[in-house]
Amino acid sequence: MLRSWALLLGTLTVVVGLTAPVAAEPAPERDVIAQMFGWNWRSIGRECGRTLGPLGYGAVQTSPPEEHSLLPELGFPWWQSYSAVSYGLTSRYGTRAELAGMVRDCHAAGVRVYVDTIINNMSAIQGCGIGSGATPYCHYEYPAVPYGPDDFHHCGTPNDAIENYSDRYQTHHCQTLNASDLATENDRVRDRIAGYLNDLLSLGIDGFRVDSAKYIAPEDLSAIEARLSRPAYVYQEVVYSWNEQVRPEEYLATGDVMDLRYAGTLSAIFRHGHLAQLRDFGSALPSAGSVVFVANHDTERNGSTLTYADPERYTLANAFLLAWTYGHPKVLSDYAFDAYDEPSPSDPLGRTTDAVCGDGHWLCEHAWPGIGGMVGFHQRVRDEPVVDWTDDSGDLIAFGRGSAGYIVLNGSDSPATRSYRTSLPPGRYCDVMHGLPSAGTCTGPIVEIDESGWLHADLAPRAGLALHTGAMVTD
């Protein structure tokens with residue numbers, strides 16, 4: 001979302017009678033999404049073949065592809081990409097042709113592509129400007145779409161801004177942080193939004209993350225989705241704070257919902273609680289309709305969840321996310337930043353440069369030891385129940401997923417040495433939190449399960465170990 005919208009993070013009624021949307025499920029058997037925040041199209045296409053496909057990611061979430069405002073006087077902040085100017089596909093991340101090439105490269109690697117879409121609003125810029133594709137615009141005039149003043153809400157509050165988030169009408173009909181709010185109840189606006197989404201579908205895009213879905217009435221989203229030319233996977237950002245009238249549950253009829261309560265609670269446990277509290281971990285939304293994560297680009301920047309700056313706990317939390325039974329996991333792959341507004345590495349014109357993992361700027365968390373290998377774990381155990389749970393009433397936990405996988409997480413500041421009874425078949429296993437299976441062996445430590453199913457493990461502080469039957473060692 002735009003800048004301070006992220007600060008509205010809160011905690012996480014299905015609407016009856018909506019028209020069934022044109023919908024699709026997450027990638028079958030490969031439902032882990034990598035959010036490649038701030039990456040340009042060339043780099044994502046390359047990374048799909050190099051790491052995302054081989055690690056087992058089912059999909060990539062891109063940054064918004066539509067034409068956006070340019071704000072050189074502010075240093076081209078990351079959030080200018082959420083200040084839409086037109087539905088043309090020239091952005092700081094690349095051109096239409098480069099976007100299409102990325103889709104082809106990712107599909108060749110078995111990875112679907114979901115794009116972040118800005119359909120609640122256009123720009124938040126007062127006055128006029130020129131967009132990233134050289135398109136002129138003003139706050140209520142977007143000739144390239146086209147949109148004019150009658151295509152936007154004018155709700156009558158001071159500056160047409162939301163003043164009371166407990167007021168459903170204001171939430172759906174007023175502006176958030178000066179962003180010109182589209183009148184999505186109008187068929188003309190719905191047709192133009194659907195035209196944009198269908199253009200993306202024509203390039204092979206597989207689905208959409210709907211930014212700021214909370215500010216669009218569910219019936220409006222349903223009407224837009226009914227205009228899609230083919231099935232697409234939809235998941236929606238519905239930020240919720242206590243005592244608000246618009247709730248995430250209302251949006252389950254129009255797609256899956258990003259579960260911000262899950263992220264906040266999971267981070268709080270890993271930061272301040274005890275891992276033993278995770279035994280029955282879940283959230284208010286149904287697992288099948290939830291997209292879950294440890295952090296996203298907003299929460300990293302507003303500090304409401306764990307971040308890459310606490311790498312050990314961040315890795316353990318992501319390992320738990322991928323080992324647990326709840327929701328469709330999403331892993332953030334970001335860049336290092338020192339200030340809230342800081343954009344991804346860019347050239348002097350504000351265009352994002354190619355990502356280079358390990359260069360001190362691009363973090364590439366999707367491939368970190370302890371995260372990348374857990375994608376294969378998740379894929380292997382996805383339908384198996386939690387079994388063999390054990391904990392020390394503190395920060396050492398272990399559990400299995402049927403007879404397919406087993407994980408031990410030590411969140412304490414002390415090493416842990418002990419044995420665990422598992423349901424895994426006897427044999428030698430690659431520890432996928434520290435290596436990857438390769439040609440019958442492992443690039444990291446090899447661990448043995450004895451004939452009685454026992455595992456002996458020595459764990460360093462804030463470290464883990466994970467085994468699954470798809471990573472057994474034969475050599």
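Remark: the residue 302-residue 229 segment gains 22.6 nm on full extension, using 0.36 nm per residue and subtracting the alpha carbon distance.
Kirkwood hydrodynamic radius computed over region 33-177 comes to 16.6 Å, based on all pairs of distinct alpha carbons. Shown for the chain: the carbon plus sulfur share of the solvent-accessible area, taken with all protein chains present and a 1.4 angstrom probe, equals 52%.
If R0 is 22 Å, the Cβ-Cβ spacing of residue 469 and residue 25 corresponds to a FRET efficiency of close to 0.30. Restricted to Cα atoms, the chain shows a radius of gyration and a Dmax of 22.5, 73 angstrom. Distance between the pseudo-spin-label points of residue 353 and residue 159 (7 Å out from Cα toward the beta carbon): 3.6 nm. Heavy atoms of the protein chains alone define the surface here; on that basis region 386-468 has 40 Å² accessible area per residue at 1.4 Å probe size. Under the simplified labelling scheme, the residue 134-residue 384 pair shows an inter-label distance of 5.7 nm, with each label point 7 Å from Cα along Cα→Cβ. Seen from residue 449, the other residues with C-beta closer than 14 Å to its C-beta sum to a net charge of -3, counting Lys and Arg as +1 and Asp and Glu as -1.
In loop segments of region 374-427 as defined by DSSP, there are no chymotrypsin sites (Phe, Trp or Tyr not before Pro) with at most 13 further C-beta atoms inside 10 Å of their C-beta.
In the full protein context, region 168-211 carries 30 Å² of accessible surface per residue, based on a 1.4 Å probe and ignoring ligands, DNA and RNA.
The values are calculated or read from the model by the stated rules, or taken from the named source; none is laboratory data. Small disclaimer: the values here were computed from a predicted structure and weren't measured. As a convention, Cβ positions derive from the backbone with ideal geometry for all residues, glycine included, and neighbour counts pool all protein chains shown. Note: areas computed on protein heavy atoms with side chains; ligands, DNA, RNA excluded. Shrake-Rupley method; radii C 1.70, N 1.55, O 1.52, S 1.80 Å.
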